[in-house]
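The structure appears below as structure tokens.
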Amino acid sequence: MPTRLSVNLNAIAMLRNRRDLPWPSVIGLGRIALAAGAHGLTVHPRPDQRHTRFSDLPEIRALIDDEFPDAEFNIEGYPNEEFLRLVEQNEPNQVTLVPDDPAQPTSDHGWDFAADASFLTPVVRRLKKGGFRVSLFADADPAGMAAARDTGADRIELYTGPYGATHSDPAAAAAELDKLQRTADAAFATGLAVNAGHDLTVANLPPLIRKIPGLAEVSIGHGLTADALEYGMAGTIVRFLGACGAR
């Protein structure tokens, strides 16, 4: 099975938010992405709403429900009470928990599963009780996978930022891929499924998927949005689906 593609809409929302205008349309470009074959949409609604706004969430939920019922909605973020209420109100298919500080420009590390277990476990329990699939943002560290599993989560999302940063250094890229593979293998061994995201591109996706053939889903925003400026959103989705193994 090809790795599923979820389109992160945050970069589109950030561009829209530069002006008090309704374009580029987050919903409109999400619709184009899904019509072109993307498997889902991802948002990361931060507390200051500098990217996705809270008001975008019910519109995205309605878009999927009304027009693309086979697609998935993934909401990611730091699980404070405000975030958890947003999730419960907008009913995504998947919730990805990320250890973000509000001041961070973007996600840049995974959870310390041993240290954060007492915080994460009741959050995961609450989300699972609500019927949501739960994924935890994770660094490339095989040693943490048993503790991740013990929180009750369904998946991890591998933080691939360090791999993406090796775009001009093949030896460093190979080393990062090895760490990601070892972590994925450890996750699979515990029964966790594996997603991945951050700084993934048409160029670096195929080597990642060859290393982790069981990779369930990638969530991609910045690189995909950059390509859309050149190829258009529909054409970009076709390119990324090809990189994910679709024929």
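Here are the numbers:
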read-out: Where residue 191 falls short, out of the listed (1) over 23 Å from residue 74 (Cα atoms); (2) over 18 Å from the mean Cα position of the chain (by Cα); (3) touching a residue at least 12 places away in the same chain (Cβ under 8 Å); value: (1)
read-out: Helices (runs of 4 or more DSSP H) fully within the stretch 163-247 counting 3 or more residues that are under 21 Å from residue 140 (Cα atoms) and at pLDDT 95 or above; value: 170-190, 205-211
read-out: Conditions (1) under 19 Å from residue 217 (Cα atoms); (2) open to solvent by 20 Å² or more (accessible area, probe 1.4 Å): number failed by residue 146; value: (1)
read-out: Residues within the stretch 149-165 that are open to solvent by 20 Å² or more (accessible area, probe 1.4 Å) and polar (S, T, N, Q), tallied; value: 0
read-out: Residue selected from the stretch 229-245 under the condition open to solvent by 40 Å² or more (accessible area, probe 1.4 Å) and not basic (Lys, Arg), by the criterion nearest to residue 24 (Cα to Cα); value: 229
read-out: Residues within the stretch 47-71 that are small (Gly, Ala, Ser) and either under 18 Å from residue 234 (Cβ atoms) or buried (at least 22 other Cβ atoms within 10 Å of the Cβ) (or both), tallied; value: 1
read-out: Single match in 44, 39, 109 (criterion: open to solvent by 40 Å² or more (accessible area, probe 1.4 Å), touching a residue at least 12 places away in the same chain (Cβ under 8 Å) and either closer than 25 Å to residue 239 by Cα or touching a Lys or Arg at 6+ places or on another chain (Cβ under 6 Å) (or both)); value: 39
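To keep it simple, each residue is scored yes or no on (1) within 15 Å of the chain's Cα centre (by Cα); (2) among the polar types (S, T, N, Q); (3) modelled with pLDDT of 95 or more.
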site	(1), (2), (3)
74	yes, yes, yes
77	yes, no, yes
83	no, no, yes
86	no, no, yes
90	no, yes, yes
101	no, no, no
104	no, yes, no
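The values are calculated or read from the model by the stated rules, or taken from the named source; none is laboratory data. Worth saying up front: this structure is predicted, and the values here are computed from it rather than measured. Please note: Cβ atoms are built from the backbone with ideal geometry, for glycine as well, and neighbour counts cover all protein chains shown. Keep in mind that these areas ignore ligands, DNA and RNA; they rest on the heavy atoms of the full protein, side chains included. Shrake-Rupley method; radii C 1.70, N 1.55, O 1.52, S 1.80 Å.
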